[in-house]
1. For region A:222-245: of the residues being more than 8 Å from chain B (Cβ to nearest Cβ) and of a type in the set (S, T, N, Q), which is nearest to residue B:83 (Cα to Cα)?
2. Would you mind finding the one in A:233, A:256, A:284, A:262 that is touching a Gly at 6+ places or on another chain (Cβ under 9 Å), of a type in the set (Gly, Ala, Ser) and surrounded by fewer than 19 Cβ atoms within 10 Å (Cβ to Cβ)?
3. It is to be established whether one or more residues within region B:108-116 are closer than 22 Å to residue A:245 by Cβ, modelled with pLDDT under 90, surrounded by 12 or more Cβ atoms within 10 Å (Cβ to Cβ) and acidic (Asp, Glu).
4. Going through region B:152-168 one residue at a time, which ones are more than 8 Å from every other protein chain (Cβ to nearest Cβ) and either without any contact (Cβ under 8 Å) to a residue 40 or more places away in the chain or over 18 Å from residue A:245 (Cα atoms) (or both)?
5. Just the residues that are free of Cβ contacts under 8 Å to residues at least 60 places away in the same chain, within 17 Å of the chain's Cα centre (by Cα) and buried (at least 17 other Cβ atoms within 10 Å of the Cβ), please, taken from region A:179-198.
6. Can you tell me which residues in region B:1-33 are surrounded by 15 or more Cβ atoms within 10 Å (Cβ to Cβ), assigned to a loop (DSSP other than H, G, I, E, B) and touching a strand residue (DSSP E or B) at 6+ places or on another chain (Cβ under 6 Å)?
7. Looking at region A:141-187, which of its residues are in a loop (DSSP other than H, G, I, E, B), within 14 Å of chain B (Cβ to nearest Cβ) and among the small types (Gly, Ala, Ser)?
8. Do you know which of the residues in region A:22-34 that are assigned to a loop (DSSP other than H, G, I, E, B) and modelled with pLDDT under 95 is farthest from residue A:321 (Cα to Cα)?
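The values are calculated or read from the model by the stated rules, or taken from the named source; none is laboratory data. Just so you know, these numbers come straight off a predicted model, no measurement behind them. Glycine gets a Cβ as well: all are built from the backbone with ideal geometry, and neighbour counts include every protein chain shown.
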Amino acid sequence: MKVAIIGFGSVGKGVLKVLSERTDRTFKVVAVTDSKGAVINENGLDLALVLKQKNNDDLKRANKTSMDVVKGLDYDILVEVTPTDAKTGEPGLSYITEALKRGKHVVTSNKGPVALKYKELCGLANKSNALFLFEATVGGAMPMFNLMRMPLAGNKITSIKGIFNGTCNYILTRMASEGLPYDMVLSEAKELGIAEADPTYDVEGIDTALKLVILANAVFGMDVSLDDVDRVGISSVSLEALKLAGEADMVIKLIGEVYPNGEERVLKVSPRLVPKSHPLAVQGTLNAALIQTKLAGDIFVIGKGAGSIETASAILSDMLYIASQK
Amino acid sequence: MRITMDLELKDIPGQLVKALEPISDAGGNIVSVVHHHEQRTNRGTIPLQVIFDMEDGLGPLKEKLESRDIKVVRFNQVRLLEHKTVVLVGHIIHSDIRDTIEQIDSTGYAEVVDLAMSMPGISLKSSARIGINATGKGDMKNAVRLLRNIAREKDLLLIEPIETEELP
């Protein structure tokens, strides 16, 4: 299948690297684009060469924009991996919309468009008989949607809760284990590249809330948006609070939970006490999810929630699912 | 509340049902039944221990059992059976921790049973770990709801435990 990759940042590079190491011929990448232009070869790009040129900053771009590629090029799957904008979903939203209108399959890691326009995008995909998949948007490498679609097929999912932000989990883990205050650990996380220069998006729970919205809409059909999420971040969690929790054999974690129970509906991000022996008490940058089901009972998933190759793993699984549906 | 009741049954068929029926008829949720067949008393009766949750009506239940010729040897009730730990962060002292505790204690169905505090400095935010007991799950829910309102009014961060009861 012909693949066009829109976005050549950390995730785009990861996808290219993972595809370049595959020996089968399931996928042929015909274009990779970034904000500066596009690299196109309708017979298939030499991915290792493109990666090398990108890293050396001497990529031979054609004079075409990402939108030109989305609208004009011949491809089967659009892999949309541009950065998330929680407010507008752009530019990814426009790329995805145009590709689905053309009846092309879309795989994305971009939370903005899925959280903002899930219903519309799924409607478009259904209308043009295309698949719209977004495994990489929640929990990075952790299988969530694919797990619920196939291995847990036939189960009614009753609730999902978990740790969906590695930055917050790193900060809370370090504070508890080293006895360091919030500000100090946050600076350390910035130096290590675990936290952004402006960490608001992570530490105030917005990233976790976006993922909850995606889960709420895609798994439970709830039709909710970011404003519907009850949200408290971790910036006021004190070192003393962590110590007091530790003395009672508990840790504090930023937990996102969605429970679509009519009047008692829960859609909430908040710091919570978790017993140290509980499977959700994972350390460092790990993510973890507890999926409660009718038949299988409680299912736990633990894994890396971010990272170039880890995210590419989720994207590849969506691409292979599309290839298997031909 | 949770009630543990020791009964004595006659050693004839149908006695177990006769003993348990009134409990469930009275709205009791039976948690455990242990039938001590091997420990026959010198009166020739068989001891039975039943543990159940029931809100009220213990007096009439006892009479009903005795009217059925079932001896109630002893019973005890544990009033508070739900426990939860929460953590508060903020200006806990300045916002009157005593009032916070009193509001919970005065509900009649929940009480603060444990308090640990940490105050890093006079102008800094302090943190407190509070243990609460309540008479039942519903009452605990109400107590936590009350605490959420108090936290909102006093501008405190309330850190609640995750629900863990679905786990074994």
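1. The extreme case among them is A:235.
2. Numbers: A:233 fails: surrounded by fewer than 19 Cβ atoms within 10 Å (Cβ to Cβ); A:256 fails: surrounded by fewer than 19 Cβ atoms within 10 Å (Cβ to Cβ); A:262 fails: touching a Gly at 6+ places or on another chain (Cβ under 9 Å).
On inspection, the qualifying residue turns out to be A:284.
3. Going through region B:108-116, the residues closer than 22 Å to residue A:245 by Cβ turn out to be B:110-116.
With modelled with pLDDT under 90 added as a condition, the list becomes none.
Scanning region B:108-116, I find no residue that is closer than 22 Å to residue A:245 by Cβ, modelled with pLDDT under 90, surrounded by 12 or more Cβ atoms within 10 Å (Cβ to Cβ) and acidic (Asp, Glu), so the answer is no.
4. Within region B:152-168, the subset more than 8 Å from every other protein chain (Cβ to nearest Cβ) is B:152-156, B:158, B:163, B:165, B:168.
Result: B:152, B:153, B:154, B:155, B:163, B:165, B:168.
5. To start, the set of residues in region A:179-198 that are free of Cβ contacts under 8 Å to residues at least 60 places away in the same chain comprises A:180-193, A:195-198.
Right, trim to within 17 Å of the chain's Cα centre (by Cα) and you get A:195-196.
Scanning region A:179-198 gives a single hit, A:195.
6. Correct list: B:1, B:28.
7. A:179
8. We begin by selecting, within region A:22-34, every residue assigned to a loop (DSSP other than H, G, I, E, B); these are A:22-27.
If we keep only those that are modelled with pLDDT under 95 as well, we get A:22-26.
Working: A:22: 16, A:23: 18, A:24: 15, A:25: 15, A:26: 11 Å.
So, considering only residues that are assigned to a loop (DSSP other than H, G, I, E, B) and modelled with pLDDT under 95, the one farthest from residue A:321 (Cα to Cα) is A:23.
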